[in-house]
Amino acid sequence: MGNVILIGFMGCGKTTVGLRLSYRLRRTVIDTDKEIEREEKRTISDIFATDGEAYFRDKETACLRKLIESANNQIISVGGGLPMREENRKLLHELGQVFYLCARGETIYERVKDDTTRPLLQGDDPLTKIRTLLNERDPYYREAADVVIAVDGKEFEQILDEIEACVE
Ligand code: S3P
């Protein structure tokens, strides 16, 4: 397997870190959200609006199962809610080495405040929503992770250095 997996809250930098890491480590990158959008031929927002969150969560588990069959030596970034399912945490562990990009609520808010593509963060008070969800989720991210990388206030290069130093 030997995959490097990036987990963490929406806006913590998984996609950008994944892309940059793929150049550094010369490995291809896969993003579970993009895989699901490609298979479903519609956006995450459309999936949530039409079929609901539970449907999307089942697609995430199915996507992980497929990756277990096919992914070797790749970088895999996963949707922010994916590690909440116990089954998914087990699958992540099977799939490779898991890095949690850990960010504070304020950092996340600054990155996602103008974003309309994340259905869970739409509404009147996204900062409170972020703080609440982050508190709920942080223990699960830590449970799923082999390595925790704190990203607040760091340049991408530093984050990449820290990850690279831990890649097995
Ligand atoms: C979600 C995170 C999103 C996407 C969906 C739900 C979540 O992915 O999977 O909007 O529950 O945290 P990113 O973490 O890549 O934004």
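The values are calculated or read from the model by the stated rules, or taken from the named source; none is laboratory data. What you see is a predicted model; the values in this text were computed from it and never measured. In this analysis, Cβ positions are derived from the backbone assuming ideal geometry, glycine residues included, and neighbour counts consider all displayed protein chains. SASA here: full protein model, heavy atoms, side chains in, ligands and nucleic acids out. Shrake-Rupley method; radii C 1.70, N 1.55, O 1.52, S 1.80 Å.
With only alpha-carbon pairs counted, each pair once and no self-pairs, how large is the Kirkwood hydrodynamic radius of segment 105-168 in angstroms?
Numbers: mean 1/r = 0.0735 Å⁻¹.
Its Kirkwood hydrodynamic radius stands at 13.6 Å.
As a test of the formula, what do you get for the chain when each DSSP H run with n ≥ 4 contributes -39,500 (n - 2.57) and the sum is divided by the residue count, at 222 nm and rounded to the nearest 500 deg cm²/dmol? List each step's numbers first, then the result.
On the way: 7 runs with 96 residues, N = 168.
Value at 222 nm, helices only, nearest 500: -18500 deg cm²/dmol.
Quick one: among ALA54, ALA145, ALA103, which has the greatest mean-square fluctuation in a GNM of the chain with alpha-carbon springs under 10 angstrom?
ALA54
Measure up LYS90/LYS129; LYS34/LYS154; LYS59/LYS90; LYS90/LYS113 against 24 Å on the Cα-Cα distance and list the ones that go over.
The answer is LYS90/LYS129; LYS34/LYS154; LYS90/LYS113.
Counting only heavy atoms of the protein chains, get the accessible area per residue of the chain (1.4 Å probe) and round it to a whole Å² value.
Ligands and nucleic acids excluded, the result is 52 Å² per residue.
Taking the chain as a Gaussian network, Cα atoms linked when under 10 Å apart, which of TYR141, TYR100, TYR23 shows the biggest mean-square fluctuation?
Greatest mean-square fluctuation among the candidates belongs to TYR23.
State the answer as a single residue: which of THR28, LEU127, ALA54 lies farthest towards the positive end of the charge dipole of segment 1-160, with beta carbon charges of +1 for Lys and Arg and -1 for Asp and Glu, about the Cα centre.
THR28
Per the 1.4 Å probe, what fraction of the accessible area of the chain, in percent, lies on carbon and sulfur atoms?
47
Can you tell which of TYR140, VAL78, ALA103 lies farthest toward the positive end of the dipole of the chain, using +1 and -1 charges on the Cβ of basic and acidic side chains (Lys, Arg; Asp, Glu)?
VAL78
Dipole of the chain, Cα-centred, from +1 at each Lys and Arg C-beta and -1 at each Asp and Glu C-beta, to the nearest 20 debye?
240
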